[in-house]
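Written out below as structure tokens is the structure these notes cover.
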Amino acid sequence: MTEFDLIESIRTRCASTRTDVLLGIGDDAALLAVPPGQALAVSTDTLVAGVHFFSDAAPFDIGWKSLAVNLSDLAATGAVPAWATLALTLSSGDDAWVSAFADGFAALARQFDLALVGGDTTQGPLSITVTVHGFVPASLALRRDAAQVGDAVFVTGTLGDAAAGLGLLRGDLCAAPETDTPNAHRAALIERLHRPTPRVAQGLLLRARARACIDVSDGLVADLGHICKASGVGAEIDLIRLPTSPALRDFVGDEARAALQLGGGDDYELCFTVPEQQVPALIDALARSGGAVTRIGRIVAGAGVRVCDAGGNDVARGRAGWEHFAA
């Protein structure tokens, strides 16, 4: 494929009819109309082969995930997705690879009526940079710096699945001896790694209910730690309350499971704090939406994140989460 063939293939597969896109792919810059009374939420993520995904991963999955990780950031802000730009670096213009990648990107974009409005293509080692834009009333936007002592700490979905999937693909995680359905569990965990579900609907329900919010991309302890640092508070997590999928519970032993749930990344669930008086209404709203949510701890005076066992004792843990450039 030539560069312009590549662009046309992506444009065709990611076509959108949003009326707020005044000028999209094909010009020097996109022209976009922000609705009155809305703040523009913007987030950028870069995925690099060998760091964020395996080079031989299915291109459909790479396309899906490259958008999903960005939509998760919008969800953590309580924003409605609108537009995206894509910068794609490829070693060669492989028609089949580009088509499958664009199909994966577009499959997720259609779920949220998101328009791809521009970007760039270049030749080099495989990497993908996506920037997403969304809308949120400024007064309702979720932030990291608003947690208060006494807030309850919640997470959506389940934790540790994607990290387990990564361990399986790397070959450094094996099934527990008592596992009954290892093949089904293995597939479910790897699916969570390759095709995360951005919790956009839950993020919208958190508006005016939650105080602080973040998506769990680098690990629960690390990401909740960001809320604590920004808000000037501490947090306590009850290990026994961490939500666990059947696949992770049956596939991985207790000790390994705790490490995956506390320090593993790539789940893209939301971790958020809620004032105690808002808890019943929040649980009811999320339950009616079909979104699973679990109370896992509390915000306390102090700093950092403490993990407690059933008796209230500190739990020894390893690395808090993923960090680029860490020694």
Test: Thr294 is in contact with an Asp or Glu (Cβ under 6 Å, 6 or more places away or on another chain) and closer than 28 Å to Gln148 by Cβ: no
Residue check for Ala57: in contact (Cβ under 8 Å) with a residue 24 or more places away in the chain, touching a Pro at 6+ places or on another chain (Cβ under 6 Å) and at negative phi: no
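So, of the residues in region 105-126 that are part of a strand (DSSP E or B) and over 23 Å from the mean Cα position of the chain (by Cα), which turns out to be nearest to Ser55 (Cα to Cα)?
In the first step, residues of region 105-126 are kept if they are part of a strand (DSSP E or B); the result is 115-123.
Next cut, over 23 Å from the mean Cα position of the chain (by Cα) only: 120-123.
Numbers: Asp120: 20, Thr121: 18, Thr122: 17, Gln123: 16 Å.
Top of the filtered list is Gln123.
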Qualifying residue in region 223-238 (condition: under 20 Å from the mean Cα position of the chain (by Cα), at pLDDT 95 or above, on the phi > 0 side of the Ramachandran plot and buried (at least 19 other Cβ atoms within 10 Å of the Cβ)): no
Pairs with Cβ under 9 Å, 6+ apart, first in region 1-20 and surrounded by fewer than 19 Cβ atoms within 10 Å (Cβ to Cβ), second β-branched (Val, Ile, Thr) and assigned to a helix (DSSP H, G or I): Met1/Val98; Asp5/Val98; Ser9/Val98
Confirm whether Ala212 is within 12 Å of the chain's Cα centre (by Cα), modelled with pLDDT of 95 or more and either surrounded by fewer than 24 Cβ atoms within 10 Å (Cβ to Cβ) or assigned by TED's automatic domain parsing to the domain that holds Val300 (or both). no
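Restrict the check to region 55-74 and report whether at least one residue is assigned to a loop (DSSP other than H, G, I, E, B), touching a strand residue (DSSP E or B) at 6+ places or on another chain (Cβ under 6 Å) and buried (at least 16 other Cβ atoms within 10 Å of the Cβ).
Looking only at region 55-74, we keep the residues that are assigned to a loop (DSSP other than H, G, I, E, B), and these are 55-58.
When the remaining residues are screened for being touching a strand residue (DSSP E or B) at 6+ places or on another chain (Cβ under 6 Å), the result is 55.
From what is left, the residues that are buried (at least 16 other Cβ atoms within 10 Å of the Cβ) are none.
The answer is no, given that none of the residues of region 55-74 is assigned to a loop (DSSP other than H, G, I, E, B), touching a strand residue (DSSP E or B) at 6+ places or on another chain (Cβ under 6 Å) and buried (at least 16 other Cβ atoms within 10 Å of the Cβ).
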Helices (runs of 4 or more DSSP H) within region 246-313 that include 1 or more residues of a type in the set (Phe, Trp, Tyr), over 20 Å from the mean Cα position of the chain (by Cα) and surrounded by 14 or more Cβ atoms within 10 Å (Cβ to Cβ): 246-251
Quick check: anything in region 254-268 in contact (Cβ under 8 Å) with a residue 40 or more places away in the chain and farther than 25 Å from Val51 by Cα? no
How many residues are surrounded by fewer than 20 Cβ atoms within 10 Å (Cβ to Cβ) and more than 20 Å from Ala30 (Cβ to Cβ) if we restrict to region 127-143? 7
What are the residues in region 75-104 that are assigned to a strand (DSSP E or B), of a type outside the set (A, V, I, L, M) and farther than 26 Å from Cys213 by Cα, if any? Thr89
Just to be sure, is Val221 in a strand (DSSP E or B), touching a residue at least 60 places away in the same chain (Cβ under 8 Å) and either under 29 Å from Asp61 (Cα atoms) or not acidic (Asp, Glu) (or both)? no
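Residues in region 230-241: is at least one farther than 26 Å from Gly304 by Cβ and part of a loop (DSSP other than H, G, I, E, B)?
No.
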Do we find that Gly118 is over 28 Å from Ala247 (Cα atoms), touching a residue at least 24 places away in the same chain (Cβ under 8 Å) and of a type outside the set (Phe, Trp, Tyr) in this structure? yes
When you go through (1) at negative phi; (2) outside any helix (DSSP H, G or I) one by one for Gly150, which number turns out not to apply? (1)
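Starting from residues that are in contact (Cβ under 8 Å) with a residue 40 or more places away in the chain and assigned to a loop (DSSP other than H, G, I, E, B), keep the ones in region 28-50 and report whichever is surrounded by the most Cβ atoms within 10 Å (Cβ to Cβ). Before the answer, list the steps.
Here is the first cut: in region 28-50, the residues in contact (Cβ under 8 Å) with a residue 40 or more places away in the chain are 29-30, 32, 34-35, 37-49.
Next cut, assigned to a loop (DSSP other than H, G, I, E, B) only: 29-30, 34-35, 37-38.
Values: Ala29: 8, Ala30: 19, Val34: 13, Pro35: 10, Gly37: 9, Gln38: 15.
It comes out as Ala30.
The values are calculated or read from the model by the stated rules, or taken from the named source; none is laboratory data. Quantities reported herein were computed from a predicted structural model and do not represent experimental measurements. For neighbour counting, all protein chains shown are included, and Cβ atoms are generated from backbone atoms with ideal geometry for every residue, glycine included.
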